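In what follows, a structure is listed as structure tokens, so that the remarks can point back to it.
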Amino acid sequence: MERLRVVMSIQSGCSKCGKPAVYLRRYTSEYLCGTCLVQTTIDRVRKTINRHKMLTDNDRIAVAISGGKDSAVLLHILYTIESAYPNSEIVPVTIDEGIQGYRDEALESARALSRSLDLTLEVLSFKELLGYSLDGIVKRRSSNALGACSYCGVFRRRALNIAAKNIGADVIATGHNLDDEAQTIFMNILRGDSARIARTNVPRELSVDGFVPRIKPITEISERDVVAYAHYLKLPYHDFPCPYAEEAYRNDVRSFLNEMEYRRPGTLLATLRSGESMTMAYRQAPTTWEFTNCEKCNTPSPSKICKVCELLESIRS
């Protein structure tokens with residue numbers, strides 16, 4: 001069970017302004033009132049954006065929102081930050097995987113949040129793009145096939161890239177928080193594939209032609225921070241787990257890291273910094289990742305047949 005423990009009532013003064021605190025940010029040992037909670041969260045995201053040179057003053061930013069809390073907070077923070085840059089533009093984008101009884105409610109939350117910020121939500125579905133919903137894919141796969149999350153992850157990445165191209169976006173912002181990034185780093189180490197850490201964190205200036213550059217502005221914001229921010233501002237979001245989530249290997253890693261962070265605050269941030277160090281080491285190595293075009297769909301791919309086409313072929317056979 002995740003130890004989020006977001007208590008919005010604390011008998012202590014705010015570390016920033018002295019007002020009554022409503023939240024303890026454990027990994028920085030800060031007691032925060034509601035106003036300082038929001039402002040320090042926005043400031044942390046702004047510093048992450050600047051440190052990694054994620055955005056320019058006149059970007060068209062496709063913000064990937066699912067209807068969940070992470071992407072809701074991402075959209076709200078980017079909207080707040082980018083309001084100071086009149087030449088930039090934010091376009092929220094949702095990928096409808098086609099999960100009956102789950103995605104419809106999440107879409108409503110995404111639309112509600114977009115409307116509250118006077119933004120227009122763009123939606124692209126698996127059905128439109130691939131001819132199959134995720135529910136349909138799960139029914140068609142063989143008994144020894146990959147889990148639903150493996151299909152979904154590959155197809156969502158393709159769908160987001162296409163959606164971003166359709167709206168002429170310069171960059172795609174995704175809602176991967178500190179917990180997500182630490183889990184991904186740890187998973188790749190456990191799988192013996194630490195090189196993937198660098199491949200999945202390519203800086204904007206080194207993005208491959210054919211792929212819209214991706215950024216992760218809230219990677220230094222913990223899941224507890226995300227929940228507290230969304231709760232304090234009463235942001236609309238869908239708070240039910242995906243029915244396929246129990247298949248994910250990530251769940252085991254999440255439980256371990258949650259326990260470590262609870263016992264030793266700062267573990268997640270230390271893991272993120274370790275991942276950044278590994279990324280720098282791989283970038284300085286003489287080897288590079290060669291890309292060609294997929295023989296079937298002509299999109300950039302490290303192999304002759306891209307993963308999307310490979311999975312689609314397995315579904316159809």
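The values are calculated or read from the model by the stated rules, or taken from the named source; none is laboratory data. As the structure is a computational prediction, the values presented were derived from the model and not from experiment. All Cβ positions, even for glycine, are placed from backbone atoms using ideal geometry, and neighbour counts span all protein chains on display.
Output the qualifying pairs, or none if there are none: Cβ atoms under 8 angstrom, residues six or more apart or on different chains, first residue in segment 295-317 and within 17 Å of A159 (Cα to Cα), second residue charged (D, E, K, R).
As it stands, the answer is T299/R158; P300/D209; S301/K307; C306/K296; V308/R158; C309/K296, since those pairs meet every condition given.
Before we move on, is Y262 in a helix (DSSP H, G or I) and farther than 30 Å from E30 by Cβ?
Here the answer is no, as Y262 does not meet what is asked.
State which residue is surrounded by the fewest Cβ atoms within 10 Å (Cβ to Cβ) when the search covers only segment 165-199 and only residues that are touching a strand residue (DSSP E or B) at 6+ places or on another chain (Cβ under 9 Å) and assigned to a loop (DSSP other than H, G, I, E, B).
G168
If the requirement is being touching an Asp or Glu at 6+ places or on another chain (Cβ under 9 Å), more than 22 Å from G68 (Cα to Cα) and β-branched (V, I, T), which of these qualifies: I167, I218?
Among I167, I218, only I167 is touching an Asp or Glu at 6+ places or on another chain (Cβ under 9 Å), more than 22 Å from G68 (Cα to Cα) and β-branched (V, I, T).
Could you give me the residue pairs with C-beta distances under 6 Å whose first residue belongs to segment 185-199 and is free of Cβ contacts under 8 Å to residues at least 60 places away in the same chain, whose second residue is surrounded by 18 or more Cβ atoms within 10 Å (Cβ to Cβ) and not aliphatic (A, V, I, L, M) wherever it lies, and which are 6+ apart or on separate chains?
Listed pairs, sorted by first residue: R196/N188.
Within segment 227-239, identify whether any single residue is under 27 Å from S194 (Cβ atoms), in contact with a Ser or Thr (Cβ under 9 Å, 6 or more places away or on another chain) and not in a helix (DSSP H, G or I), and answer yes or no. Steps first, answer last, please.
Keep residues of segment 227-239 that are under 27 Å from S194 (Cβ atoms), which gives none.
No: zero hits.
Just give me the residues in segment 130-153 being at pLDDT 90 or above and surrounded by fewer than 17 Cβ atoms within 10 Å (Cβ to Cβ), in sequence order.
G131, G136, G153
Could you count how many residues in segment 132-164 are of a type in the set (A, V, I, L, M, F, W, C) and either without any contact (Cβ under 8 Å) to a residue 40 or more places away in the chain or not in a helix (DSSP H, G or I) (or both)?
Number of matching residues: 3.
Limited to segment 40-71, what total is found for residues that are out of contact with any strand residue (DSSP E or B) (no Cβ under 8 Å at 6 or more places or on another chain), of a type outside the set (V, I, T) and touching a residue at least 24 places away in the same chain (Cβ under 8 Å)?
Result for segment 40-71: 9.
In segment 201-225, which residues are among the β-branched types (V, I, T) and surrounded by fewer than 16 Cβ atoms within 10 Å (Cβ to Cβ)?
V208 - this is the single residue of segment 201-225 that is among the β-branched types (V, I, T) and surrounded by fewer than 16 Cβ atoms within 10 Å (Cβ to Cβ).
Got a number for residues in segment 90-125 being among the acidic types (D, E) and over 18 Å from A164 (Cβ atoms)?
Going through segment 90-125, the residues among the acidic types (D, E) turn out to be 96-97, 104-105, 108, 118, 122.
From the residues that got through so far, the ones that are over 18 Å from A164 (Cβ atoms) too are 104-105, 108, 118.
Qualifying residue count, segment 90-125: 4.
Kindly indicate whether L129 is within 21 Å of R214 (Cβ to Cβ), in a strand (DSSP E or B) and more than 16 Å from the chain's Cα centre (by Cα).
Criteria not met by L129.
Output the residues belonging to segment 103-123 that are hydrophobic (A, V, I, L, M, F, W, C), in a helix (DSSP H, G or I) and without any contact (Cβ under 8 Å) to a residue 40 or more places away in the chain.
Passing the criteria: none in range.
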